[in-house]
Structures are given as C-alpha cells and as structure tokens.
Amino acid sequence: MDYSREQIATIESLEEICKQFEKINLRVGIEHLVKDHGDHAYLCHHNERLIGFLSWYTSDGTEANINGMVHPDYRRQGVFRSLLGRAKQDMSLQGIHSLRYRVVSGSNSGEGFVLHMRASHDSSEYSMSYLNLTNKNERLDSIILRPEEDKDFNFVTTCFSAAFNETKEWTHEYLTHTREPSRVTYVALRENTPVGLIRTNNLGNGTTVIHDFCVLPVFQGKGLGREILIHAVDLLLSIPFTHLRLGVVTDNEHALNLYLSAGFEITAEFHYYVGGV
C-alpha cells in the first residue's frame, strides 16, 4: 500500500500522543511503511480519527515481527485485537506461523497486552544511535570493507551461520528473504581474506540501520570487530548518512561495550515476546 504524506502524518501524530501519554521512547517503524516492499500495516479509525495502528514484517518467511499502538482514549476496547485478527488472515496466506511482539520498555499497555495474549518473553534489546565522533582520528589499516559480490554469498552464509549459531538452511532463507535495494552487505577483508560482514538498511531521510554484524569465530578476539565497525561508521558518514542506528541484545555485554566505545549511545530499550497466536 502506498501511504500519502497526510496518512503518514496522522500515524506520526498517534505515535507522539502515545509516547507522551506513557512517557516512553515509542518507535513503531513508520519509516518502513514508505519503502518499496515495506512493512504491512493496518489502521483503525473512529469518526475519521486514527485510533489504532499495527504493522508487521517477516525476515525469514515464517515469523512475523509486530509493532503497534492504540490511542490512550480507546484502549481496552479490543482495537488492537481487531487489527491483529485482520493481520493474521494475511499472515496465514503467506505461511506465517509464529508471532513476535516488540514492546518498548516502560509501556504498561504493551506489557499488559502481551501478558493477556500469554506471549512469552524472548529477549530484550537496546536501540543505539551514533552520537559523537570518538573514533574520528583513529587509523585502522588492516581491514578493508567492500560491497558484497555474487561470489561472496557462500562466505556470507557461512559467517552468519557460524557467528550467530544458526543453521545454514535458515541463514540462506533469511539472507535471500532480506535481499532488497535498501540493504547493502559489506564484506570485511584482512589481507584479502574475508573475515566478517556487516549489513546496513537505508530507511531514507539520511538514516541507516547497521545489523547482522559478525566476525568468523576463528578471527574473533583479535580486535577485528572494532576495526570493522569503525570503518563502517566512517564509510556510512561519508555517503553521507546523518543518522546511524543499531540494536544489541541487552545481555551481550561485549557487543554493548564495543558499540559504546565506538561512539554509539543507548536511546531506548525494547522487549520481545513470542507466541500469543
């Protein structure tokens, strides 16, 4: 669906109302609606007023990642359940059989909904943004980053699978499913040997999200992750992107410290729940 500027503005307005009401750093991924092949979204209106919103996307073709919000004046009236019911009909046609809800920390309404749905907590994640230039003067010459070429796909699959402990079958499906013009995969080379990768997702308006950042296990513990990240930041700023974001699981202390040392700061915390079908 193509969204007009007016429709996007009303969604942004609802997001701001919900944010101010609960005093939370709510972000429902509005920027993903206007991308080619962007998120699926469902809107609920009452007397021409937008009162509910739900969006979902899938990275692997089997699990849906769900964002949503309901106007404070219309909560506990079945608005979100109605939107979810409509979404499930479309999901089932696409082979989706698992749901994953994203709830911003501090959202009592969101926590209450997933509790009511009997969804189980799966993980928590910090959302981080690049806010300073701490690595501006560092010279790191041992790593080269270049865009992925066709010949790299086997390496990318192997590296991702090994670093994130996923099967090669699932990884192949995920990487194939997330190939789109807005995403770029960079392969990290050390002395012409591929050692890691980092991916970016261009959201428009000068914003890109760093994700799927990993180093082959055999090369881990040698400081290459920091070099790859710093090179990636410099490259993205030169494009130029003006806003760099990434997410990190809260209990991954090593990765969190790496991102903090490279100039990223925590801007929000999100909790993920699975189930509630």
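What follows is calculated from the coordinates using simple rules that are stated; it is not laboratory data. Predicted model, so just to flag it, every value in this text is computed and none were measured. FYI the Cβ positions are ideal-geometry reconstructions off the backbone, even for glycines, and counts take in every protein chain you see.
Overview of results
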read-out: Amide H contacts of Ser123 (H built 1.01 Å from N, under 5 Å, at least 5 apart or other chain); value: Tyr272
read-out: Whole-angstrom gap from segment 1-32 to segment 215-230, using each part's C-alpha centre; value: 37
read-out: Above-threshold pairs, the threshold being 30 Å between Cα atoms, out of Lys35/Lys88; Lys35/Lys222; Lys88/Lys168; Lys35/Lys151; Lys23/Lys222; value: Lys35/Lys222; Lys23/Lys222
read-out: Rg/Rh ratio calculated on Cα atoms of segment 1-142 (Kirkwood radius); value: 1.03
read-out: Debye, to nearest 20: dipole size of the chain, +1 on Lys, Arg Cβ, -1 on Asp, Glu Cβ; value: 400
read-out: Highest-first arrangement of 197-209, 80-92, where packing means the average Cβ count within 10 Å; value: 197-209, 80-92
read-out: Global size of segment 1-65 as Cα Rg and Dmax, reported in angstrom; value: 12.6, 37
read-out: Built amide H within the under 5 Å cut-off of Leu203, gap 5+; value: Thr208, Val209
read-out: Net dipole in debye of segment 1-78 [+1 Lys, Arg Cβ; -1 Asp, Glu Cβ; about Cα centre; nearest 20]; value: 340
read-out: Fraction of alpha-carbon pairs over 17 Å apart in segment 167-277 - percent; value: 61
read-out: Mean separation of Cα contacts under 8 Å (6+ apart) over length of segment 183-277, as relative contact order %; value: 20
read-out: Residues with amide H under 5 Å from that of Gly52, placed H, sequence gap 5 or more; value: Cys44, His71
read-out: Over the chain: helical MRE at 222 nm, DSSP H runs n ≥ 4 each giving -39500 (n - 2.57), nearest 500; value: -10000 deg cm²/dmol
read-out: Inter-label distance for Ser129 and Thr193, nm, one decimal - labels placed 7 Å from Cα along Cα-to-Cβ; value: 4.0
read-out: Top of Thr58, Thr178, Thr167 by mean-square fluctuation, Gaussian network on the chain, Cα under 10 Å; value: Thr167
read-out: Value of relative contact order over the chain, rounded to a whole percent, pairs C-alpha under 8 Å and six or more apart; value: 23
read-out: Furthest towards positive pole of dipole, Thr250, Gln77, Ser123, structure part the chain, Cβ charges; value: Gln77
read-out: In range of the label at Val218: residues from segment 145-178 whose backbone nitrogen is under 12 Å from the point 7 Å along Cα→Cβ; value: 159
read-out: Cα-based Rg and Dmax for segment 25-102, where Dmax is the largest Cα-Cα distance (Å); value: 12.6, 37
read-out: Spacing of the two label points (7 Å from each Cα toward its C-beta) at Glu253 and Asn154, in nm; value: 4.0
read-out: Residue-by-residue Karplus 3J(HN,Hα) for segment 242-258, coefficients 6.51, -1.76, 1.60, Hz, glycine and proline x; value: 9, 9, 10, 10, 7, x, 9, 4, 4, 8, 8, 4, 4, 5, 4, 5, 4
